[in-house]
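Following: one structure in structure tokens, then a few remarks.
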Amino acid sequence: MTTPSETGSFTVQRWTGASIAAVCLLLGAQLLLALGPLLLSANLVDRLTTLFIYGILALMWNALAGYAGLVSVGQQAFFGLGAYAAVRLADAGVSAYPALLLGAVLVALVSAPISAFMLRLRGGEFAIGMWVVAELAHLLVNLDTLVQGETGTSLIALQRYTADDRRAYTYWAALVTMAVLAWLLFFMLRGKVGAAAQAIRDNEEAAASIGIRVLPSKRLIFVLSAFGCAAAGALWVATSITFQPKTYFSVQWSAYMIFMVLVGGIGTYEGPILGAVLFFTIEALFGATGVTYLIGLGATAMLFALLLPRGIWGEVEHRLGLQLLPIGYLLKFGTADREPSGPQRKRSAAATTPATPPTDRASG
Amino acid sequence: MIWANQLIQGVLLGGYYALLACGLSFMFGVMRIINLAHGSLAVVAAYLLYVVAERWEIHPLIGLVAVVPVMALFGWVLHRLVLERSARAGELVPILSTFGLAIVLDNSLFDRFGADTRSLAPYIDTLGYDSWTLPGDIILGKLPLLTLAVAVALLVGLHLLLARTALGRRIRAAAQDPDTAQLVGINARAVYAASTAIAMMTVAVAGAFMAMRATFDPYTGPQQLIFAFEAVVIGGAGSLWGTLVGGIVLGVAQSVGAQIHPQGFLIAGHVVFLVVLLARLYFAHGIRHVFRALRTRLA
């Protein structure tokens, strides 16, 4: 994918040796993980399922905040609705695992009209506006007699499966959902939508002025994020079986998502995955300390926002010019093997555009 | 008659929301920052008052004499350490940092005070339930009336501060254009820090009334933030008088909602918030269009 520019003084490169190796390794790891339930202990399978769900949440929150510039503290609305939809559908006779997927699809459909007016809000108004949506969704779900208010209910349909089968199926469902969403996001971000979203994030007016259709691009990412969070909620109900509205619609989920993305690296593709692994590890180590752990999470998120806004992976990328999953471009000055100023990373699609020949822009 | 009563109780409740929201509205108006720790800070003030009242048997309203300056100092430090840095880093960063702060505050309070719900009601003699009865069995509580009066007084005070004082002029200048304000000799940093301190003083008062009228626990903050935010948005972000109107609309909606359905209190509040949002987005344009058409016809 190396294209010499018109001036000949630098080249535009997307894939590097490191990134090809990383993508191959990632694919290999995903295939290996698919064997998990056959090889690993029950406890480890459960834990990995949790990790995958965190991964989905982090990826979805980052797509929204890191790429479309939409900071939401109300994604628990979709998480809770996804779980609720799964429980409701299973109660109506849909078998358990299809109900998880169908529930997430229904929530995505519901999120489209919500996006129509929430996306007109800016910055902090959008953030808390989404929180209000989550609160309202919580209250409305409580009205359903099936849920029995805060007492909650269970996904009884899952009792058709033995505990071992259930564990394995839920694990695979979580792994496949995470992998599919991650690759979908990867190709979306490399394509037109990614370029549009990042341009909007960096400057909405400027993006609109060069012909980017701002609202449809934002809406696509909003609906995708709603779908992902709903799927995560449905999977969570499949692992824990009980559905208590208070737990599912808790703002805590937003806190977790923000922590994972801020620490991992907001606006980077690899960051949220790293953040999910870190969060998972920290939870395993300190989760038992309860309040102290939560104070630590809040303080860490705050310190990262203030002192290290790029997050860990953002710093790595910035310092080393390393991008393992190539969604940006690499501009190499001089010829490819002689680099006087080193590789210069251009993350923003808008910033890259002038240096990129039109043919290349269309392809990514 | 029951509806008239609900309406009046709603207006009084709205006074509390306006009181709660005026600091949020003030900070948004001056710095364009929405402080997600707003509710949690009100709860911090409530706990401070609780400690003062419990240890020395001091009436919460007298306790405010000590707590208001403490909260002002806290606001100043908050601005210097957190808000200033976040605002420089972009418009999204303050949301994240203040959200993190809210989590830290809520859980620290839990760590220190435990899960017990508290109230300042035992420390205010009979003020909590004193009332006047109007014809038609409409009961006017003295505390809700006092809350509404304090809310109006604070809003008038903030308005006068902005309109009449030198500090107010500096705040307005820095709010409009901090860079130009700097050019004419205004220290925008100090002005913003002072504004945060002023907002935290109102938060202290709001915390006092929250704790006197009801119970609170370490995790009450986020709910209060949502109420305050709804009042601000319904009234029109950044406008102080709008905040009073917004608070009253929210209070009336909740009060009427509670009369319709047992779960209706919160639902009605959220629904009115979303309806106002929708109306503002879609009809504001339409209304402007009508005015423009009228003007051209008249001209």
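The values are calculated or read from the model by the stated rules, or taken from the named source; none is laboratory data. Given the structure is predicted, the values throughout are model-derived calculations rather than measurements. A quick note on method: Cβ atoms are made from the backbone with ideal geometry, for glycine too, and the neighbour counts reach across all protein chains shown.
Only one residue in A:ALA238, A:ALA276 is out of contact with any strand residue (DSSP E or B) (no Cβ under 6 Å at 6 or more places or on another chain), of a type outside the set (S, T, N, Q), in contact (Cβ under 8 Å) with a residue 12 or more places away in the chain and closer than 30 Å to A:LEU143 by Cβ. Which one?
A:ALA238 is the lone residue from the list that is out of contact with any strand residue (DSSP E or B) (no Cβ under 6 Å at 6 or more places or on another chain), of a type outside the set (S, T, N, Q), in contact (Cβ under 8 Å) with a residue 12 or more places away in the chain and closer than 30 Å to A:LEU143 by Cβ.
Could you tell me whether B:GLY185 is buried (at least 17 other Cβ atoms within 10 Å of the Cβ), small (Gly, Ala, Ser) and not in a helix (DSSP H, G or I)? Walk me through it before giving the result.
Numbers: buried (at least 17 other Cβ atoms within 10 Å of the Cβ): no; small (Gly, Ala, Ser): yes; not in a helix (DSSP H, G or I): yes.
Here the answer is no, as B:GLY185 does not meet what is asked.
What residue, of B:SER40, B:SER119, is more than 14 Å from every other protein chain (Cβ to nearest Cβ) and touching a helix residue (DSSP H, G or I) at 6+ places or on another chain (Cβ under 8 Å)?
Answer to the check: B:SER119.
Within the bounds of region A:141-156, is there any residue that is in a helix (DSSP H, G or I), at pLDDT 90 or above and within 13 Å of chain B (Cβ to nearest Cβ)? Step through it out loud before you land on a result.
In the first step, residues of region A:141-156 are kept if they are in a helix (DSSP H, G or I); the result is A:141-143, A:149-151, A:156.
Narrowing further to those that are at pLDDT 90 or above: A:141.
Subsequent filtering for residues that are within 13 Å of chain B (Cβ to nearest Cβ) retains A:141.
Yes - at least one qualifying residue is present in region A:141-156.
If you go through region A:211-243, how many residues are aliphatic (A, V, I, L, M), under 20 Å from A:LEU64 (Cα atoms) and surrounded by fewer than 24 Cβ atoms within 10 Å (Cβ to Cβ)?
The qualifying residues number 6.
Which of the residues that make up region A:246-269 are within 14 Å of chain B (Cβ to nearest Cβ) and outside any helix (DSSP H, G or I)?
A:PHE249, A:SER250, A:VAL251, A:GLY265, A:ILE266, A:GLY267
Any idea which residue in region A:120-140 is modelled with the lowest pLDDT, counting only those that are among the charged types (D, E, K, R) and buried (at least 18 other Cβ atoms within 10 Å of the Cβ)?
Just the residues of region A:120-140 that are among the charged types (D, E, K, R), to begin with: A:120, A:122, A:125, A:135.
Next, only the ones that are buried (at least 18 other Cβ atoms within 10 Å of the Cβ) stay: A:125, A:135.
On the way: A:GLU125: 84, A:GLU135: 92.
Going through the qualifying residues, I end up with A:GLU125.
What residue, among those in region A:26-74 that are in a helix (DSSP H, G or I) and of a type in the set (S, T, N, Q), is surrounded by the most Cβ atoms within 10 Å (Cβ to Cβ)? Before the answer, list the steps.
So in region A:26-74, the residues in a helix (DSSP H, G or I) come out as A:26-34, A:36-39, A:42-68.
Retained after the next criterion (residues that are of a type in the set (S, T, N, Q)): A:30, A:43, A:49-50, A:62.
On the way: A:GLN30: 15, A:ASN43: 9, A:THR49: 24, A:THR50: 18, A:ASN62: 28.
Per the criteria, the residue is A:ASN62.
Can you name every residue in region B:241-281 that is of a type in the set (Gly, Ala, Ser) and either at the interface with chain A (Cβ under 9 Å from one of its Cβ atoms) or within 20 Å of the chain's Cα centre (by Cα) (or both)?
The answer is B:GLY242, B:GLY246, B:GLY247, B:GLY251, B:ALA253, B:SER255, B:ALA268, B:GLY269.
Within the group B:VAL104, B:VAL43, B:VAL70, which residue is free of Cβ contacts under 8 Å to residues at least 40 places away in the same chain and within 30 Å of A:GLY290 (Cα to Cα)?
On the way: B:VAL43 fails: free of Cβ contacts under 8 Å to residues at least 40 places away in the same chain; B:VAL70 fails: free of Cβ contacts under 8 Å to residues at least 40 places away in the same chain.
Matching residue, one of B:VAL104, B:VAL43, B:VAL70: B:VAL104.
Looking only at region B:166-217, which residues are out of contact with any Ser or Thr (no Cβ under 8 Å at 6 or more places or on another chain) and closer than 30 Å to B:GLY141 by Cβ?
Result: B:ILE198, B:ALA199, B:MET200, B:MET201, B:THR202, B:VAL203, B:ALA204, B:VAL205, B:ALA206, B:GLY207, B:ALA208.
Does any residue of region A:270-291 turn out to be within 10 Å of another protein chain (Cβ to nearest Cβ), in a helix (DSSP H, G or I) and hydrophobic (A, V, I, L, M, F, W, C)?
yes
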